[in-house]
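Quick notes on the structure that follows.
The values are calculated or read from the model by the stated rules, or taken from the named source; none is laboratory data. Since this is a predicted model, take the numbers as computed values, not measurements. Here Cβ is always computed from backbone atoms with ideal geometry, including for glycine, and neighbour counts include all displayed protein chains. Just so you know, the surface numbers come from the protein's heavy atoms only, side chains and all, with ligands and any DNA or RNA stripped out. Shrake-Rupley method; radii C 1.70, N 1.55, O 1.52, S 1.80 Å.
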Amino acid sequence: MLEKLETMRQEAENDLQSITDLQTLQKVKHDWLSKAGKVTELLKAIPTLEPEQRRPFGIGANEIKTMLTERLNALEEQLLDSAGSDLKLDLTIPGFDFTRGGLHPTRQMRDDLNQAFLSLGFEIYNGAQITTEQSAFDNLNFKPDHPARETMDTYWIAGTEQKSAKERYCLRPHLTGASVDYLKEHGAPARFVYPGMVYRNESTDPGHERAFYQYEALIVEKDFSFASGRLLIDTILERVFGKPIETRMRAGFFPFVEPGFEIDMRCQVCGGKGCGVCKYVGWIEIMPGGVPHPNVLLAAGLDPMEWSGFYINIGLDRLVMMRYGIDDVRLFHSADLRFLEQFK
Amino acid sequence: MKISLNWIKEFVDLPADLSITQLASDLTMRTVEVEGYEDLGASLDNIVVARVEVIQPHPQADRLRVAKVDCGEAELSQVVCGGSNLYEGQLVVLAKPGSFVKWHGEGEPVEIKASKLRGVDSAGMICASAEIGMEELFPAKEEAEIVDLQGYDAYPGQPISALLGRNDIIIEVDNKSITNRPDLWGQYGIARELAAIYDLPLKPLPVFQEILPSGINVEIENADRCARYAALSIEGIQNEQSPVWMRERLASLDVRPVNLMVDITNYVMLCVGEPTHAFDATHVDGGIVVRQAKQGEKLTLLNDEVLELRESDLLIADKTKALALAGVMGGKLDSVLDDTRDVILEVANFDAIGTRRTATHFGLRTESSSRFEKALDTQRVDQALGLTVALLKELMPEARLTGFTDLVLKPTAAGSVEVEKQYLEKRLGTELKVEEVKALLGRLGFDVTYKEGVFSCLVPSWRATGDVSLPADILEEIARIRGYESFAFTPPVVALGKALNQPQIQMTQHIAQLLSQRLGMQEVFTYPWVEERYLEAAGIEKESLLKLATPPSPEQAHLRPSLVPGLIEAVQLNQHHFESFKIFEQGVVFFDLHNQAQHLAFALAGEDAEKLLFEAKGALQAIPRLAMSEAFDFVQEEAPSWAEHGLWLNVKNKQGVFGGLGVLSSKAKRAAGIKRLAVVMAEINLDALHALPSRDNAFKSLPVYPLVAKDLSVILEDKVSWAQVEKLVGPMVRDIAYITEFRGGQVPEGKRSLSFRVWLGSDAGTMTAVEIDKRMVAITRRLEKELGGVVPTTK
């Protein structure tokens, strides 16, 4: 009978060798290991044997069973692994588009700057967009009939344009007026930013808009040194350009600051050697700034001998144009999705 | 404003090694931005005097001629010329090959090369005045006219720069940054500033010290408008052409030379910044009266324009008639012509505001008015007188000074500012030496004394008309002359206060992120002024809206009370490029002068209005949870003016309705020109939606035993709403969710089948099939009884 065992072992080996796919595997499995399978038959035969043969035969039959089970399991794993999926795909087809929708590039810039200033403990303030001559000019030390008023051609509200001071209303031509309102409300010390849209009655071209986004920051502290104002400048430029930017402060005149500055940054195109972008001076005028004029602090109810500080004001549109190389400022208000969708 | 470096050098000996680049940089850093500079001599390289020897016709072109010219070389040169006034023997300006000229007087200079013109060799170009930037010096009567050097002491081959003394460097500075500095509106003022920057002596101007009999009678009616009026009588002038050097200098600063007397007044103005005016004495009747105009009084100007004056306009008149608009422009009658022999020279001080108002009203912004409107000091009259007399003596030796009248009603007082040393040091962030402060300010003309910690600064008259009056002004003078870059950055020290919490601003930001990042909407900006067409499309009444006095265009006068019209326009524009899109805007809208609000609006454009409507509703529903706002309800109370009948909803909180959503009506779409797209819009007032100071939702324990989900369909009358079903079934189950609705097929007309899912559960144990069936039967019964529903028997 033990010869039969050897024959069966050989047969099992042959069957295992014949397996080429899952189907033949299943057949072999069924032939040998099912209830009516050959292994069962062998085991069923044990009681019919001579007593001394039963034990070796049983061990041999179980060996065959174990061998078959292990080999079949291993083969099945192997065949399953190699089979993979039936799916045949063009994997160069793009993935699902999750990028629809986005924020306006100017707002993204504003948010970047807000984040930087929030980390310095600055508050965010929204002033009114309709304001008065008093708030936009008188409070800011723009003297009546002074030519400086002309630098900001203002949209006056119909019906009030012939009046004056607090009865003459306009779309705000700049943000600075809001600073006095804030200081009146909150007092000093103060540090806040107040970004927003401002409006000027100008003719438009690729470099000029009637509605543009400005970002202004003001810090008011006791005996603040003007040189400390660099903090505001550096915060902005480092955030925009992602690295420290060399700047210089030079004489500039704006009625609401004293001293007033024009702030230039190193030309990032030529690194300061001089090129067409910086008109061969190595510097690009980037923002005005300065110490709040005593008359402005007075208008805000603060004692100018006690309080000082620093303003900066930067045009976000121009920064965004620099960031992406945009050549026409009018696109910002175009609501043209072909333009806006580029700025995810 | 333009500055002549040669002129500056007459007043201050600049260091020999100072480059123009350095000077421009120093002036920019400390005083006024230099916009550019031009080396006039260099621009005339290879441009020389030539004499026309022979003229021959051009074989190919009627308008051109071929000239043989002597330009100081061994052989004659051949040049093709289109000049209309070319003649043999003429002294002309020849641009030789290698020179640069402005082609037809426009654009950037281009290089001249030897070439063939219509087949004839031409070794250069005979220039018109515009081609070499000399329109002022050689005004051309017609385009093709070339410069004729007749009357000049010129010889062939002489460089034009040498002939004209044109070796100057002209610096242009930004006018805007010196509107507060009346002292800088003249060459002498700039020289003074440079002397201060480089700590060099400034040479004095000639002093007026004539002893003259009293001259013409002068009356000033309003001292506030005219603080000083000096009248110098000059007789027997020979009013010829000015010498070349003066014409050249005026021209290089963009002032057209006229005749000697007029040129002197302009020269004086450019130098000291004080406008003066010469009247032909024969037209002045009985004396000068400085008075306000009578309402409607007429004045004919030099350029023949007739002005109708107002009482607020200041006039220079004589006993019988108006002569000139004070400080702005002379009249036709009094003008000084080439044959004028006797003049009255006005050197006066007019007030800034009045001059500016008059000039602005009549649109006459002249060199004169633009200087007076900066507020000049009365002492400058003396400077102008001194320089004028010196020039008269040099250039018009025949002229006799016969009388002088000088009314000084309100001399500019030297201002005085006291400033504490400690104040300066704290705000400059550095210690200061008393002597250093005195020296720095002294260079600018301040007279400074120091006593017990306080500097007393006497402000020079030329800075005392409003420019310097406060301690902060003194601080600025010290800092800028010492150099802003010399003050080291010190990090500001601030006290740490309460942490910021600005929930409303955060909420607005969260909403923008929700709509853009999660819901796929693109943010847009539109203008606050809206075109009438889109206001009308949105059904918004125009009458009560705010308007701009001078709008960008007549159709864009109204300020938006809603973001919807702007978004309708945006949809209209984008429909040509996209089949479907979603846009939103957060912006300010205007109700009246004192009421504005921050709004949010969005527009979804695509194919299926129903789908878009529920997408819009879902977007609004997401706000409370995802943007941390208070909760709100959807109601139907106030139909938006732009919404299709019945297809709209409002959002409402405790304060009331604060916005809505709906399908854009077909009427609105027609009016706006939106063709095929379905559009759903929503708008809410963000100021009325309150942000939560923190999260307000609470945790719910997870079920101890698993919940069982069961789907149910019920056929209901169309008028029965999902809200009714939810309200009825909700309390009977752990949770309930809408799945879909269905009409047609087996469902009778006027009814629909609503499908929804409920979750059942028990705290006592896992529910058995019997318990579940029992609960479902209870739900079915209630739907039948309360809402008239029919639940089809399942399988």
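Below are the figures for this structure:
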{"quantity": "Cα-based reach from A:Lys4 at 29 Å (exclusive), listing lysines while leaving out same-chain residues under 8 positions away", "calculated": "A:Lys27, A:Lys29, A:Lys35, A:Lys38, A:Lys44, A:Lys65"}
{"quantity": "Positive dipole terminus of the range A:32-95, leading residue within A:Leu87, A:Asn73, A:Ala36 (C-beta point charges)", "calculated": "A:Ala36"}
{"quantity": "Relative contact order of chain B, pairs being alpha-carbon contacts under 8 Å that are 6 or more residues apart, as %", "calculated": "8"}
{"quantity": "Entries of B:Lys710/B:Lys774; B:Lys727/B:Lys751; B:Lys727/B:Lys785; B:Lys542/B:Lys611 with Cα pairs more than 21 Å apart", "calculated": "B:Lys542/B:Lys611"}
{"quantity": "Equivalent-ellipsoid semi-axes of the range A:105-343, from the Cα gyration tensor, Å, largest first", "calculated": "27, 23, 17"}
{"quantity": "Convex hull volume per residue for chain B, taking Cα atoms only, in Å³", "calculated": "296"}
{"quantity": "In Hz, Karplus ³J(HN,Hα) per residue of the range A:122-136 (6.51, -1.76, 1.60; θ = phi - 60°; x = Gly, Pro)", "calculated": "7, 8, 9, 10, 10, x, 6, 8, 9, 9, 10, 4, 4, 6, 7"}
{"quantity": "Buried on assembly, the range B:524-545 (at least 10 Å² less accessible surface than by itself, 1.4 Å probe)", "calculated": "B:Val524, B:Phe525, B:Thr526, B:Tyr527, B:Pro528, B:Trp529"}
{"quantity": "Residue-averaged [θ]222 nm for chain A, counting only DSSP H segments that reach four residues, each worth -39500 (n - 2.57)", "calculated": "-12000 deg cm²/dmol"}
{"quantity": "Using alpha-carbon coordinates, inclination of helix A:176-186 to the longest axis of chain A, degrees", "calculated": "80"}
{"quantity": "Backbone HN-Hα couplings from phi across the range A:259-274 [Karplus 6.51/-1.76/1.60, Hz, Gly and Pro as x]", "calculated": "x, x, 10, 9, 10, 10, 10, 4, 4, 7, 7, 10, x, x, 6, x"}
{"quantity": "Fraction of accessible area attributable to carbon and sulfur, chain B (%, probe 1.4 Å)", "calculated": "50"}
{"quantity": "Cross-link reach list, lysines versus A:Lys143, counting only Cα pairs under 25 Å and skipping chain neighbours closer than eight places", "calculated": "A:Lys163, A:Lys166, A:Lys184, B:Lys176, B:Lys374, B:Lys410"}
{"quantity": "Cleavage-rule hits (GluC sites (Glu not before Pro)) in the range B:707-769: DSSP loop, at most 15 neighbouring Cβ within 10 angstrom", "calculated": "B:Glu749"}
{"quantity": "Per residue value of the accessible surface for the range A:105-343 (all protein chains in place, 1.4 Å probe), Å²", "calculated": "36"}
{"quantity": "Estimated D of the range B:647-700 in µm² per second, where Rh is the Kirkwood radius over Cα pairs and Stokes-Einstein applies at 25 °C, 0.890 mPa s", "calculated": "177"}
{"quantity": "List B:His58, A:His186, ordered by accessible area with a 1.4 Å probe, largest first", "calculated": "A:His186, B:His58"}
{"quantity": "Note, ³J(HN,Hα) from phi for the range B:485-492, Karplus 6.51, -1.76, 1.60, rounded to Hz, x at Gly and Pro", "calculated": "6, 8, 9, 6, 5, 10, x, x"}
{"quantity": "Residue mean of other protein chain beta carbons inside 10 Å, B:751-758", "calculated": "0"}
{"quantity": "Estimated [θ] at 222 nm from DSSP helical runs (n ≥ 4, -39500 (n - 2.57)) normalised by residues in chain B, nearest 500", "calculated": "-7500 deg cm²/dmol"}
{"quantity": "Built amide H within the under 5 Å cut-off of A:Ile124, gap 5+", "calculated": "A:Val193"}
{"quantity": "A versus B: buried accessible surface, summed, Å² (probe 1.4 Å, to nearest 100)", "calculated": "6700"}
{"quantity": "Sites matching trypsin sites (Lys or Arg not before Pro) across the range B:480-571 that sit in DSSP coil, with at most 10 neighbouring C-beta atoms within 10 Å", "calculated": "B:Lys498"}
{"quantity": "Partner chain coverage, peptide A:195-203 - average Cβ within 10 angstrom", "calculated": "2"}
{"quantity": "Loop-located GluC sites (Glu not before Pro) in the range B:261-346 whose Cβ has at most 12 other Cβ within 10 Å (DSSP)", "calculated": "B:Glu311"}
{"quantity": "Occluded residues from the range A:86-131, i.e. those whose accessible area drops by 40 Å² or more once the chain is not alone (1.4 Å probe)", "calculated": "A:Arg100, A:Gly101, A:Gly102, A:Leu103, A:His104, A:Arg107, A:Glu123, A:Ile124, A:Gln129, A:Ile130"}
{"quantity": "Accessible area (Å², per residue) of chain B, counting only protein heavy atoms and a probe of 1.4 Å", "calculated": "46"}
{"quantity": "Surface share of carbon and sulfur [accessible, 1.4 angstrom probe, percent] for the range A:105-343", "calculated": "47"}
{"quantity": "Cα long-axis angle, helix A:230-241 against chain A (0 to 90 degrees, to the nearest 10)", "calculated": "40"}
{"quantity": "Reachable lysines from A:Lys243, criterion Cα separation under 20 angstrom, eight or more residues apart if same chain", "calculated": "A:Lys273"}
{"quantity": "Rg in Å to one decimal, and Dmax rounded to a whole Å, for the range A:2-83 via C-alpha atoms", "calculated": "13.7, 47"}
{"quantity": "Over the protein assembly as shown, equivalent-ellipsoid semi-axes from the Cα gyration tensor in Å", "calculated": "83, 40, 33"}
{"quantity": "Given charges at beta-carbon only (K, R positive; D, E negative), |dipole| of the protein assembly as shown in Debye", "calculated": "4320"}
{"quantity": "Cβ-placed point charges (K, R +1; D, E -1), dipole of the range A:141-231 about Cα centre in debye, nearest 20", "calculated": "240"}
{"quantity": "Mean separation of Cα contacts under 8 Å, 6 or more apart, over the residue count of chain A: relative contact order %", "calculated": "15"}
{"quantity": "FRET efficiency for B:Leu573 and B:Asn697, using Cβ-Cβ distance with R0 set to 30 Å, rounded to 0.05", "calculated": "0.15"}
{"quantity": "Length gained when the stretch A:Asn62-A:Asp223 is fully extended (0.36 nm per residue, less Cα-Cα span)", "calculated": "48.3 nm"}
{"quantity": "Unit charges at the beta carbon, dipole of the range A:282-344: most positive-side option, A:Pro304, A:Gly315, A:Gln342", "calculated": "A:Gln342"}
{"quantity": "Lysine pair number, Cα distance threshold 16 Å (strictly under), the range B:1-121, separation 8 or more or different chains", "calculated": "5"}
{"quantity": "Residue (of B:Ala769, A:Cys170, B:Val268) at the positive-pole extreme of the protein assembly as shown, dipole from beta-carbon charges", "calculated": "B:Ala769"}
{"quantity": "Area of A:Asp328 that stays accessible when all protein chains are in place (1.4 Å probe, Å², to 10)", "calculated": "30"}
{"quantity": "Student exercise, chain B dipole from Lys, Arg, Asp, Glu Cβ charges, in Debye to nearest 20", "calculated": "4260"}
